[in-house]
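The values are calculated or read from the model by the stated rules, or taken from the named source; none is laboratory data. None of these values were measured; they are calculated from a predicted model. Cβ coordinates were reconstructed from backbone atoms using ideal geometry, including for glycine residues, and neighbour counts include every protein chain displayed.
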Amino acid sequence: MIPRSTIEEIKSRTDLAELIESYGIALRSAGSDDLKACCPFHQEKTPSFHVHPGKGYYHCFGCGESGNVFSFVMKQQGLGFMESLKLLAERCGVTLEEREDPEARMRSRLYDLHAQLAAFFRRCLLQTREGTAARQYLESRDLDNAICERFIVGYVPASAEALLTWAKKYSFTQDDLIAAGILLPPKYPNGRWYNRFGGRVIFSICDKSGKVVAFSARTLSADKSIAKYINSPETAIFKKSKILFALDKASSHIVKAPRREAIVCEGQIDVIRCHQHGFATAVASQGTSFTPEHADLLLRSADSAVLVFDGDAAGRKAAIRTAGIFISKAVPVRIATLPAGDDPDSLLRTKGDDAFRNALDSAESAIAFHIRVLRDQEPQPDSAAATTRISQAILETITTCPSAVMKSALVSEAAKILAVPASALAEDLRHIASHRQRATPPPPQDAPPAMIDEEEARYLALEQEQKKLSRELGIAADAPHLATPSQRDIGFCNFLYAHEGDSSLASDATFAPDEIFPDDFTRKFVSAWKSTLSNAAADPFSTLAATLSPAERKWLHGIIDSPDKTAVSEIPPSEIFRSYLRQYWTAALDNRRLRLSAKSESDMFLGLEIAQTIKQLQRVAWSKFSALVPRCLEILSSSGE
């Protein structure tokens, strides 16, 4: 807690005109106690940005921005109020008296550790023989030393002992390296330490103030079974949902860009390439899909966004999903179309700045892009059935927009493209909004326990929704109802959604029949996912949504909006997939065994066989797994009554 008197002291001791000029903005006199300049928050040729140092405020008559010393720093650097307060306090020599944070010492040590590690990894890249392969890789990607220096790109020695030796020299401990997620201790006595990033090119991840808080490492191996990228785990100073890669470098450029528009990419190399070529408003999410929290972070600096994702089917789908997040916050968003097979990195390297700039200039609105993608998936895009499907999908996105004006504009745009009356779309939108409102579960009557986690709270809400639906439909309380997916089912569906169309999983998908899944929703979801393996351009999940009950649709939306926790795992996706399948087969057989009769001799022998089969499923090599499946299916399909 900072006393109001301290805030006022900082404000009074900070000269607003001097502060503004320190950001390279030239002020000139415009009368008594009035200065003016071209606005730093939008592009203009005639000065309309007026500063009143005596009164301590500024106002732009062009874009409407106004505020005091704190809001100016917040806008210029994309900082929160407390961060701008601390920056100005240091600038004017005011000491802030804050309550002691018990974790402050740990965070301070982690900040120091990451800063020194980043410098060490830079030296390993530039000065060691072991770093030769990393230097050659960066040269092959046309990443020169200047841009690598700016983004603090380095190389991590393969040996864990090298890091332990370094830590000892610089007064850090093994526990410090463990807390940062750099090293993992031996699993057994006298075992070997595990170097999480060993032998990889390392990219430093900075928070919005420019401090190194984590790392992302790319393998130099051609072995496809090895994860291409590994990111730091979350720590006291690193939360994935609160970090946008390069925001610390981009925020000051975003506030000066036309429409304060940020470029949002998918990958770190894409962002680095953009900055190298002068497109300095580029950012990317860190190790996860773009989330609403990322949007909130970006919108401290930006008023709009243009998405520049990969030109393949997965990139298009990710762009539509991300655009929906911006629309849900009433933020204008455009989507750039890149040539098939290109991403921002390859486009800038092979075709140059003009090609990339043309892609930005010709970017479509999110609605136009979404409609075009959906029409491309329809065999008869102009048919009434296709128009109905497309309009429903578009309206599902528009209904999330909280701004009535923007929502109306989006409906009008969609109606024009689809050649249907805007009044008809508006009527359908009202029906969708009304249906969503009815389907929203009421809050639980009893507050959940204080220590309940988000996953449990979500299931409590879904249970309340089921009870409400039962009452509305006149179903007795003890009547059968929808089986709620377990945490394993939700986790499995999250994993599948993150790997839709992944051809590396196609051969194992045959071992995922309906019989092994415990509830209808999971069976439907897996079936939709299988469709993505044969048709990457289609979107079976949109079709699935139209067939689901309100409760099931709620589960589907939760999966779509939730980032996959295995996305940055060191374990290959195929291994994660197979692990899930072993669990499902084992559980399905175990449930079948529980339905056997204790009085039946044949059931007794079947129970013994099932127990033996379960042991084999858990232990057998995957190459021999398929031999067990036919008999397992026979057991599951046999009568349990």
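Key figures
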quantity	calculated
Looking only at region 267-297, and only at residues there that are among the small types (Gly, Ala, Ser) and outside any loop (DSSP other than H, G, I, E, B), the one that is modelled with the highest pLDDT	ALA282
Given (1) buried (at least 22 other Cβ atoms within 10 Å of the Cβ); (2) more than 18 Å from PHE215 (Cα to Cα), number of the condition SER285 does not satisfy	(2)
Selection status of ARG300, outside any loop (DSSP other than H, G, I, E, B), over 23 Å from ASP354 (Cβ atoms) and modelled with pLDDT under 95	no
Filter result for the condition that a residue is modelled with pLDDT under 95 and among the β-branched types (Val, Ile, Thr), over ILE202, ILE237, ILE263	ILE237
Cross-chain or 6+ apart pairs with Cβ under 8 Å, region 68-89 first and on the phi > 0 side of the Ramachandran plot, then part of a helix (DSSP H, G or I) and at pLDDT below 90	GLY78/SER252
Test: residue in region 119-141 that is in a loop (DSSP other than H, G, I, E, B) and either touching a Leu at 6+ places or on another chain (Cβ under 9 Å) or without any contact (Cβ under 8 Å) to a residue 24 or more places away in the chain (or both)	yes
First in region 211-224 and in contact (Cβ under 8 Å) with a residue 40 or more places away in the chain and farther than 22 Å from GLN116 by Cα, second anywhere and crowded, with 21+ Cβ neighbours inside 10 Å and of a type outside the set (Phe, Trp, Tyr), Cβ under 8 Å, 6 or more apart	LEU220/ALA134; LEU220/ARG200; LEU220/VAL201
Of all residues in region 197-223 being in a loop (DSSP other than H, G, I, E, B), out of contact with any Ser or Thr (no Cβ under 8 Å at 6 or more places or on another chain) and not small (Gly, Ala, Ser), the one that is surrounded by the most Cβ atoms within 10 Å (Cβ to Cβ)	PHE197
Filter result (assigned to a loop (DSSP other than H, G, I, E, B) and surrounded by fewer than 22 Cβ atoms within 10 Å (Cβ to Cβ)) within region 319-337	SER328, LYS329, ALA330, VAL331, PRO332, THR337
Residue match in region 175-188 (condition: among the β-branched types (Val, Ile, Thr), within 22 Å of SER108 (Cα to Cα) and surrounded by fewer than 19 Cβ atoms within 10 Å (Cβ to Cβ))	yes
Number of the condition not met by VAL153 [criteria: (1) modelled with pLDDT of 95 or more; (2) of a type outside the set (Asp, Glu); (3) surrounded by fewer than 19 Cβ atoms within 10 Å (Cβ to Cβ)]	(3)
Test: residue in region 107-115 that is closer than 20 Å to PRO185 by Cα, under 28 Å from the mean Cα position of the chain (by Cα), among the aliphatic types (A, V, I, L, M) and not assigned by TED's automatic domain parsing to the domain that holds ILE272	yes
